[in-house]
Amino acid sequence: MNRYDEIRKAYRMSGSNASLYDGMMTYSTPLGKAICNLVWNMDGERNAAYLEQALSAIPENFAGKLLEVPVGTGVLTMPVYKTLPDAEITCLDYSEDMMNAARQRAKQMGIENVTFRQGDVGKLPFEDESFDIVLSLNGFHAFPDKEAAYAETFRVLKKGGIFCGCFYIRNANRRTDWFIKNLYQKMGFFTPPYETEFSLRQRLYNMYEDVKVTHVEGIGVFACVK
Ligand SMILES: C[S@@+](CC[C@H](N)C(=O)[O-])C[C@H]1O[C@@H](n2cnc3c(N)ncnc32)[C@H](O)[C@@H]1O
């Protein structure tokens with residue numbers, strides 16, 4: 001099985017059992033909280049803090065074109081899109097199973113300005129300079145071809161556009177590093193190589209302007225301008 005198939009298989013599990021995944025991402029169920037504490041050394045406050053920082057580069061009342069990749073189950077972003085009725089939002093993910101959960105959530109929440117597309121971040125099906133914002137939450141640690149992912153997210157962003165989000169960085173928390181290497185990677189949820197905070201900053205400095213990189217435990221948070 002190639003890495004793309006392994007990733008699809010892993011996320012089929014999370015997509016079809018979205019309540020476990022969502023409980024973990026939002027620190028809202030007993031099992032989700034236990035995993036956040038054990039793997040990420042995060043309590044509810046830290047969990048909320050990294051997300052708030054990752055989303056803070058999106059202007060209030062944003063009304064332009066935003067690409068989110070990967071959208072996953074949409075648990076972190078549909079509540080944000082509900083507050084941006086004038087934005088034109090495109091969500092992409094490799095896993096139909098994860099994205100089906102996002103589709104259902106958008107429908108239930110009455111969100112009409114979001115379109116969904118299955119695809120690979122390494123071969124984005126969009127023209128150059130199509131989006132004002134590219135948002136990527138918890139994706140780069142999962143993507144199998146990081147170089148293609150960085151190149152493609154850059155290509156589809158307009159000049160002056162914002163690239164922001166978050167993902168796992170190594171060397172920030174030793175316990176997290178252990179779980180990623182020995183569990184999440186083997187299960188197909190994460191794929192190396194991983195950035196450190198330093199390497200992420202260097203990479204973004206080489207591509208973007210106004211680069212801001214910080215971290216909460218093992219999650220690196222970034223925002224920059226093309
Ligand atoms: C940890 S989830 C993050 C989802 C969501 N952004 C969140 O924070 O809850 C990682 C996602 O990356 C997606 N993914 C993995 N490889 C991908 C690829 N090559 N192109 C697009 N999405 C991919 C998976 O299907 C999965 O939904």
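The values are calculated or read from the model by the stated rules, or taken from the named source; none is laboratory data. Everything numeric here is computed off the predicted structure, so don't read it as measured data. Cβ sites come from the backbone with ideal geometry, for glycine too, and all protein chains shown count toward neighbours.
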| said: So Thr83 ticks every box in (1) closer than 22 Å to Phe163 by Cβ; (2) hydroxyl-bearing (Ser, Thr, Tyr); (3) buried (at least 24 other Cβ atoms within 10 Å of the Cβ) but one. Which box is left unticked? | reply: (3)
| said: Please pick out the residue among Met99, Met78, Met24 that is at pLDDT below 95 and within 20 Å of Cys166 (Cβ to Cβ). | reply: Met24
| field | Listing of strands (runs of 3 or more DSSP E) fully contained in region 81-170 that carry 2 or more residues being more than 14 Å from the ligand (Cβ to nearest atom) and not polar (S, T, N, Q) | value | 131-137, 157-168
| Selected residue (only one of Lys186, Lys212 is in a helix (DSSP H, G or I) and either of a type in the set (Lys, Arg) or in contact (Cβ under 8 Å) with a residue 40 or more places away in the chain (or both)) | Lys186
| request: Sort through Asn61, Asn37, Asn41, Asn47 and tell me the only one that's over 18 Å from Ser14 (Cα atoms) and crowded, with 20+ Cβ neighbours inside 10 Å. | output: Asn47
| request: Would you confirm whether any residue within region 6-20 is touching a Leu at 6+ places or on another chain (Cβ under 8 Å) and part of a helix (DSSP H, G or I)? | output: yes
| field | Answer residue from region 4-33, given it is charged (D, E, K, R) and either free of Cβ contacts under 8 Å to residues at least 60 places away in the same chain or in contact with a Gly (Cβ under 8 Å, 6 or more places away or on another chain) (or both) and is farthest from the ligand (Cβ to nearest atom) among those | value | Lys33
| query | In this structure, does Leu66 turn out to be touching a residue at least 40 places away in the same chain (Cβ under 8 Å) and assigned to a strand (DSSP E or B)? | reply | yes
